[in-house]
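Written below as structure tokens is the structure these notes are about.
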Amino acid sequence: MNARVIPLIDKRSLIPPSASTAQSRGPLGDTRDRRLADLRISVTDRCNFRCVYCMPKTVFGRDYPFLQHGDLLSFEEIFRIARLFVARGVTKIRLTGGEPLLRRNVERLVEMLATIPGLELTLTTNGSLLPKKAHALREAGLQRVTVSLDALDDPTFRRMNDVDFPVAQVLEGIAAAEAAGLAPIKINMVVKRGTNDHAILPMARHFRGSGHILRFIEYMDVGSHNGWKLDEVLPSADLVRLIDAQMPLEAISANYPGEVAARWRYKDGGGEIGVISSVTQAFCSSCTRARLSTEGKLYTCLFAQGGHDLRALLRTGRSDQDIAAAIGAVWEARSDRYSEIRTAETAGLRKIEMSYIGG
Ligand code: SAM
Ligand code: SF4
Ligand code: SF4
């Protein structure tokens, strides 16, 4: 099964006909009264890791049909779309992928996006190229960075990334990001029961008191190739109990409405952790995130089966006003709430791959 999953074409993949007459400025709400506030932009569908829960090697092998350069949105196209999203209420942009630091000269894109006033600009990375790139990214105007790291012991980490990548180099990347001033750094750990759950306490101990915020993510049924099973999900409530028994925790309130991670702090002042419980405590009711794929499709849910082709609008000479109206029409028609309706059956649907849509 080596063919890329082509999103199913359904009526939602078409830009609604009302787009050309809809408003092109101002904040947006969807059918469930959720505003559009965040945009995640995938800048490449390629990655130098093959994390078992995201890009299993058996599927993403040598002959996998990754996108060709001409399919990718150019930096100019991304910048243009980003400005239109900001005009429609977006205040935070996260660059992602695939591995965003593999996109050549990504710091130039950062530099362009950093000129948009009032925008929070961050990036999620596997950290492997941060030792080389952290400084240039900071210079370009990146504010913060999130680094994914699934274990501290080398055998487990290598098993998770499945390309034999050493953990020491990611830790070096985190140190480089800190030295460059990309703090506070968030560390994302996906927990897969039976594979890396033994790494939870060592990770908590390591990052406690570091100033970095460790966030534990429940293993999700993203895409259609990671072989997700519910019994491999460790519920966040169990994880919090596990840490609390060793290093007492107390709940703290969200930084802002709709924050994805539930926050906990160490009672002794050792800092905070977060838990992202997409499976056991769905947060769809406050989901304000849109996603732009590497080739310019707009997705309104991480588990979507189809996207809306903005690149076609860009490349057929449509005006800013038309494109902003199209974005508005898509968001206003949005009704996604996948995590609220997830079952073993929905997990088997042909969903878009996370490495393509951006995490
Ligand atoms: N390559 C970058 C990285 O790993 O940080 C950015 C892209 S990655 C798709 C974004 C985030 O999605 C990472 O933190 C990763 O751990 C998370 N992720 C990928 N697959 C996941 C899954 N099946 N369940 C939960 N989180 C997942
Ligand atoms: Fe690559 Fe990130 Fe997916 Fe791992 S989680 S395979 S690093 S895109
Ligand atoms: Fe948002 Fe979709 Fe995730 Fe629900 S399942 S929180 S709508 S991305």
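The values are calculated or read from the model by the stated rules, or taken from the named source; none is laboratory data. Keep in mind that this is a model prediction, so the values were computed, not measured. When we count neighbours, we look across all protein chains shown, and the Cβ atoms used for this are built from the backbone with ideal geometry, even at glycine. Side chains included, ligands, DNA and RNA excluded: accessible areas come from the protein's heavy atoms. Shrake-Rupley method; radii C 1.70, N 1.55, O 1.52, S 1.80 Å.
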*Residue count, the range 174-189 (criterion: modelled with pLDDT under 95 and in contact with an Asp or Glu (Cβ under 6 Å, 6 or more places away or on another chain))*: 0
*Give the residues of the range 111-124 that are within 20 Å of the chain's Cα centre (by Cα) and either surrounded by 24 or more Cβ atoms within 10 Å (Cβ to Cβ) or modelled with pLDDT under 95 (or both), sorted by residue number.*
123
*Which residue, of 86, 90, is part of a loop (DSSP other than H, G, I, E, B) and either surrounded by fewer than 24 Cβ atoms within 10 Å (Cβ to Cβ) or of a type outside the set (D, E, K, R) (or both)?*
90
*Quick check: anything in the range 151-161 within 16 Å of ligand 2 (Cβ to nearest atom), open to solvent by 10 Å² or more (accessible area, probe 1.4 Å), farther than 20 Å from residue 86 by Cβ and of a type outside the set (A, V, I, L, M)?*
yes
*Being open to solvent by 60 Å² or more (accessible area, probe 1.4 Å), in contact with a Ser or Thr (Cβ under 7 Å, 6 or more places away or on another chain) and not aliphatic (A, V, I, L, M), is that true of even one residue in the range 241-257?*
yes
*Out of 277, 286, which single residue is farther than 22 Å from residue 70 by Cα and either touching a strand residue (DSSP E or B) at 6+ places or on another chain (Cβ under 7 Å) or free of Cβ contacts under 8 Å to residues at least 40 places away in the same chain (or both)?*
277
*Which of the residues belonging to the range 258-280 are under 17 Å from residue 193 (Cβ atoms) and open to solvent by 60 Å² or more (accessible area, probe 1.4 Å)?*
280
*Does residue 272 satisfy the criteria of being among the acidic types (Asp, Glu) and either within 16 Å of ligand 1 (Cβ to nearest atom) or at pLDDT 95 or above (or both)?*
yes
*Scan the range 165-202 for residues that are within 13 Å of ligand 1 (Cβ to nearest atom) and open to solvent by less than 60 Å² (accessible area, probe 1.4 Å) and report the count.*
15
